[in-house]
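Step one of this worksheet: look at the structure below.
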There are 2 protein chains.
Amino acid sequence: MNKLLILGADGYLGWPTCMYFSKRGYTVIAVDNYFTRNAMVELNCEPLIHPPNLIQRARLWEEKSGKKIIVHIGDVTDYPFLLSIFKEYKPDTVVHYAEQPCAPYSMMDRDKAAFTVKNNLISTLNIVYAVKESNPDCHIIKLGTMGEYGTPNIDIEEGWIEIEHKGRKDKFLFPRQAGSLYHTTKIQDTDMLWFYVRTWGIKVTDLMQGPVYGIYTDESREDHRLLTFFPYDEIFGTVLNRFVTQAVAGYPLTVYGKGNQQRGILNIIDTMQCIYLAAENPPRKGELRILNQFTEIFSINQLAEKVKIVGGKLGYNVKIEHIPNPRVEKEDHYYKASYSGLLKLGLTPHLLTDEVIEELLKFAERYKDNIDREKFYIGINWR
Amino acid sequence: MNKLLILGADGYLGWPTCMYFSKRGYTVIAVDNYFTRNAMVELNCEPLIHPPNLIQRARLWEEKSGKKIIVHIGDVTDYPFLLSIFKEYKPDTVVHYAEQPCAPYSMMDRDKAAFTVKNNLISTLNIVYAVKESNPDCHIIKLGTMGEYGTPNIDIEEGWIEIEHKGRKDKFLFPRQAGSLYHTTKIQDTDMLWFYVRTWGIKVTDLMQGPVYGIYTDESREDHRLLTFFPYDEIFGTVLNRFVTQAVAGYPLTVYGKGNQQRGILNIIDTMQCIYLAAENPPRKGELRILNQFTEIFSINQLAEKVKIVGGKLGYNVKIEHIPNPRVEKEDHYYKASYSGLLKLGLTPHLLTDEVIEELLKFAERYKDNIDREKFYIGINWR
């Protein structure tokens, strides 16, 4: 039976991934140090709903599905701990969600920046060493981000580019220049993984994911105690989830700057599919496989407009407000990014239909009393 | 009067740089935590000569030159310490030598790899934050390495490349893929600096330096107590310094693999010139200026052959031995790298003449009794 180790198993994507693989017959080992859960409390950015802790979640899942998820609470930057997990379970695949995944958090101050750098790079380094020491065949699936590419004036390819220069050719990592320190640590972890792939012949999949939206997966729809976090604040909330919550709260949708920034986004259901397809179809040894993970490209204005229209149908008078951009980013730019690798592996995209937005709005509506309007604008500034 | 802060001031390049700038009228503030000095002892890789500690060196320099070098012993990864130095002295320029600079060290085990990552990236991050908090006009000079580029099949440009792709163009950092974890951290610190240059408008010079050789600078030639370290071992010794010491010890020159690996190298005297030219000609705000810092390209075989010939003239029967390559690197490759930026700023190269090799051989000869042959081959393996 396949064994999957999920690091960062308590997070927005981590917990749904645990259930997704467990349901499909994998032995799932779930590890988390509750960093994000705790940081949300410390920064007064608690999510819309409060999921049970990881041990309780696993118990609920076992009651419901009859399948056991093994839980260990610990820190991936603690190498002896991590190595003991690898040696005990010998996973075939490890999914690395244990990086600090929040751009505004990484821009708040020196200490949070340093934490982001240390956590994200030492966790990745530890995984590489633990794989080498315990089972060099273990497939590392690392989450990257489309944000690593930034908004170049050329087409974004899937991880690699062949460059012809002065009559000679070579293939390189596609050039990267990201818009936050967090996104930059994802460039740095790719530098590191690419080095160890070449040097030690390990196998790595780097999933260049766009912003994820959504809340329900098949495993959680019927029992809300199994739902993942739904952050909607300026720090931890991704753009569409925040817009939906703002619409329900009667708060203007906060579009940063002109709103012509384009991003490739995807439904959380498709994240599950993508991770599963990557795990089921590992790369060969000595390969760094890079896949762009999104299903549709929209501008921020288009997303706001969609929420406004669907919100209107549900009786909400949704306003859109362009606020001064707290980030340093291009607001008008060329954007063409390819994404064929995951489709070839079998991904069936779930697109951002009006029904999907309606479902999200209704979810936010159900928990409307939990919304704290103060969280929508905190004022983290990049400058 | 110009103020220069040198971080890593006790190292092979750090101390000569202190004297070079002090002699030329700069107020020099020298900071070190003795990491390399201590690591050389811990790993039984002590250098050929034992220089006095930084406080003693500064005292000797003051006796000789009448100029004061201010010394603080502390760790650049300790942010409150570093910020206090920036706030107290408000340097115009900071030279960042405080990274762990040794490739074999970074490949020895997980702990040394993790130390290298944390030290090199947190030190760089701290400098960026300290500059922003104390004096955003301060010019950061960061040492990079030619090793970041690796050995691509296209010409190596000076830091940047314009890419034409599917009929569109953009300018990017020249693609990098290095041959050790240490070299990879230098790619990562460039990712980080480039992000903050774009976001905060700081000014940074990244000097892509090749392997440095040599011992004497004008400031140290007459008083050997002012000389820098001269490591000659497998871990800390750079290639030419190691060959020269091996020749004097009657130990075969240890060429890794075929020896056709080509590298751009430079004399320590030219490192001094390059740092000085960079400091005297800062980039504009919001610019990441990248300069390739070497003066000649040789293969490892060519270097060994040169030492053999000059050694022969001095009566040494120098043997060359090709040992299995402990590193993972191409042994036959295309190599063409440009280096015009520093020449344009006024660099007068000191080339690797027979006289220069002879002087180095005579230096090693003078301290022949200190040579420990066991240090030439320790067996650090990349795999």
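Considering (1) within 12 Å of chain B (Cβ to nearest Cβ); (2) of a type in the set (A, V, I, L, M, F, W, C); (3) within 25 Å of B:ASP189 (Cβ to Cβ); (4) open to solvent by less than 10 Å² (accessible area, probe 1.4 Å), the lone condition that A:TRP160 does not fulfil carries the number (4).
Restricting attention to segment B:94-112, does a residue exist that is aliphatic (A, V, I, L, M), open to solvent by 20 Å² or more (accessible area, probe 1.4 Å) and out of contact with any strand residue (DSSP E or B) (no Cβ under 7 Å at 6 or more places or on another chain)? Yes. If you check B:ASP170, B:ASP189 for being closer than 24 Å to A:TYR182 by Cβ and open to solvent by 10 Å² or more (accessible area, probe 1.4 Å), only one passes: B:ASP170.
If a residue counts only when it is without any contact (Cβ under 8 Å) to a residue 40 or more places away in the chain, which strands (runs of 3 or more DSSP E) contained entirely in segment B:131-219 have at least 2 such residues?
The strands (runs of 3 or more DSSP E) meeting that bar are B:160-165, B:168-173.
For A:ARG176, indicate whether it is at pLDDT 95 or above, basic (Lys, Arg) and touching a Ser or Thr at 6+ places or on another chain (Cβ under 9 Å). Yes, satisfied.
Going by the conditions given, is A:GLY201 open to solvent by 10 Å² or more (accessible area, probe 1.4 Å) and more than 21 Å from the chain's Cα centre (by Cα)?
So A:GLY201 passes the test.
What's the number of the only condition in (1) part of a strand (DSSP E or B); (2) of a type outside the set (A, V, I, L, M); (3) open to solvent by 10 Å² or more (accessible area, probe 1.4 Å) that A:ASN292 fails to meet? Only one criterion in (1) part of a strand (DSSP E or B); (2) of a type outside the set (A, V, I, L, M); (3) open to solvent by 10 Å² or more (accessible area, probe 1.4 Å) is unmet by A:ASN292, namely (3). I'd like to check something: does segment A:324-343 contain any residue that is out of contact with any Cys (no Cβ under 7 Å at 6 or more places or on another chain), open to solvent by 40 Å² or more (accessible area, probe 1.4 Å), in a loop (DSSP other than H, G, I, E, B) and farther than 30 Å from A:ASP155 by Cβ? For segment A:324-343, residues out of contact with any Cys (no Cβ under 7 Å at 6 or more places or on another chain), open to solvent by 40 Å² or more (accessible area, probe 1.4 Å), in a loop (DSSP other than H, G, I, E, B) and farther than 30 Å from A:ASP155 by Cβ: present. Residue under question is A:GLY250, and the condition is that it be touching a strand residue (DSSP E or B) at 6+ places or on another chain (Cβ under 6 Å), away from chain B (no Cβ under 14 Å) and modelled with pLDDT of 95 or more; does it hold? No.
Only one of the listed residues (B:ASP92, B:ASP109) is at pLDDT 95 or above, closer than 25 Å to B:TYR182 by Cα and not hydroxyl-bearing (Ser, Thr, Tyr). That residue is B:ASP109.
Table: residues versus (1) of a type outside the set (Phe, Trp, Tyr); (2) open to solvent by 40 Å² or more (accessible area, probe 1.4 Å); (3) within 22 Å of the chain's Cα centre (by Cα).
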{"position": "B:ILE300", "(1), (2), (3)": "yes, no, yes"}
{"position": "B:VAL307", "(1), (2), (3)": "yes, no, yes"}
{"position": "B:LEU314", "(1), (2), (3)": "yes, yes, no"}
{"position": "B:HIS350", "(1), (2), (3)": "yes, yes, yes"}
{"position": "B:THR353", "(1), (2), (3)": "yes, yes, yes"}
{"position": "B:VAL356", "(1), (2), (3)": "yes, no, yes"}
{"position": "B:GLU365", "(1), (2), (3)": "yes, yes, no"}
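Please verify whether B:GLU148 is over 26 Å from A:LEU193 (Cβ atoms), at pLDDT 95 or above and either under 21 Å from the mean Cα position of the chain (by Cα) or buried (at least 24 other Cβ atoms within 10 Å of the Cβ) (or both), treating the condition exactly as stated. In short, no.
Looking at (1) more than 14 Å from chain B (Cβ to nearest Cβ); (2) under 26 Å from A:ALA304 (Cα atoms); (3) touching a helix residue (DSSP H, G or I) at 6+ places or on another chain (Cβ under 8 Å); (4) open to solvent by 10 Å² or more (accessible area, probe 1.4 Å), find the lone condition where A:HIS183 falls short. Among (1) more than 14 Å from chain B (Cβ to nearest Cβ); (2) under 26 Å from A:ALA304 (Cα atoms); (3) touching a helix residue (DSSP H, G or I) at 6+ places or on another chain (Cβ under 8 Å); (4) open to solvent by 10 Å² or more (accessible area, probe 1.4 Å), the lone unmet condition for A:HIS183 is (1). Any chance segment B:303-323 includes a residue that's out of contact with any helix residue (DSSP H, G or I) (no Cβ under 8 Å at 6 or more places or on another chain), under 27 Å from B:TYR196 (Cβ atoms) and not hydroxyl-bearing (Ser, Thr, Tyr)? No. The residues of segment A:142-155 that are hydrophobic (A, V, I, L, M, F, W, C) and more than 10 Å from chain B (Cβ to nearest Cβ), listed by number, are A:LEU143, A:MET146.
Flag: A:LYS112 does not match the condition of being in a strand (DSSP E or B) and either among the basic types (Lys, Arg) or within 14 Å of chain B (Cβ to nearest Cβ) (or both).
The requirement of being modelled with pLDDT under 95 and either over 27 Å from A:TYR105 (Cα atoms) or open to solvent by 30 Å² or more (accessible area, probe 1.4 Å) (or both) is not satisfied by A:ARG225.
Looking only at segment B:79-92, residues that are open to solvent by 10 Å² or more (accessible area, probe 1.4 Å) and touching a residue at least 24 places away in the same chain (Cβ under 8 Å) come to 6 in all.
Matching residues to (1) among the aromatic types (Phe, Trp, Tyr); (2) under 21 Å from A:GLY237 (Cα atoms); (3) touching a Phe, Trp or Tyr at 6+ places or on another chain (Cβ under 8 Å):
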position	(1), (2), (3)
A:LYS3	no, no, yes
A:GLY8	no, yes, yes
A:TYR20	yes, no, yes
A:ILE29	no, no, yes
A:ASN53	no, yes, yes
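Screening B:ARG37, B:ARG59 for residues that are of a type in the set (D, E, K, R) and crowded, with 16+ Cβ neighbours inside 10 Å leaves exactly one candidate, B:ARG37.
The values are calculated or read from the model by the stated rules, or taken from the named source; none is laboratory data. None of these values were measured; they are calculated from a predicted model. Please note: Cβ atoms are built from the backbone with ideal geometry, for glycine as well, and neighbour counts cover all protein chains shown. Heavy atoms of the whole protein, side chains included, go into the accessibility calculation; ligands, DNA and RNA do not. Shrake-Rupley method; radii C 1.70, N 1.55, O 1.52, S 1.80 Å.
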